[in-house]
Amino acid sequence: MRTPEFPIFNSGEVILEYLDFMLRQYRLIDALWFLKIEEEFGRETAERINEEIWSEMGIRSAEEIKKRFGIGRGLKEFVRAFNLYPWSIIISHDIDVEDDRVIIRTPYCPPQESRKRQGLGEYKCKDMHMKELKNFAKIIDENLQVECKFAPPDDHPEDLWCEWEVKYRKE
């Protein structure tokens, strides 16, 4: 397969600026899509369809990241892969890596913050992200287990939207 040439990318600074632009477009497409489905068919339907899409994205993204970047198995490799996941870069999670588990916290969530500013209220993202993260983790290592500590619609601290734990499945 031939790789296209991009003469406009004449410096690392331009490439980084373009990556930032692309990630913003990725987020905007997701937001506008959700808002339109919500407007046309209601929030419940938008949330259900979002779950299906992000469940599939967890699989597809992990498979491609694993292949492109030579990701292995285990918690450290999960973190490596998760840090390459575009949505993870957009959200800027706080990730604590311990010997036997990984804690992922989301202090700032652009979609939820935007809804809050627009007076739309939080949407239920817990089930969507549970499916997404479980599928992502399973592709990296089928022995990884994902647990949600809290995420909307759960009550959560003012300065934290959600918290997840990834660890090895106990037999």
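The values are calculated or read from the model by the stated rules, or taken from the named source; none is laboratory data. Everything numeric here is computed off the predicted structure, so don't read it as measured data. Reconstructed Cβ throughout: ideal geometry from the backbone, glycine too, with neighbour counts over all protein chains shown.
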For Ile104, the lone unmet condition from (1) aliphatic (A, V, I, L, M); (2) in contact with a helix residue (DSSP H, G or I) (Cβ under 8 Å, 6 or more places away or on another chain); (3) without any contact (Cβ under 8 Å) to a residue 24 or more places away in the chain is (3)
Do any strands (runs of 3 or more DSSP E) entirely within region 81-165 hold 2 or more residues that are at pLDDT 95 or above and touching a His at 6+ places or on another chain (Cβ under 7 Å), and if so, which? 101-106
Has region 23-40 got at least one residue that is modelled with pLDDT of 90 or more, acidic (Asp, Glu) and exposed (fewer than 12 other Cβ atoms within 10 Å of the Cβ)? yes
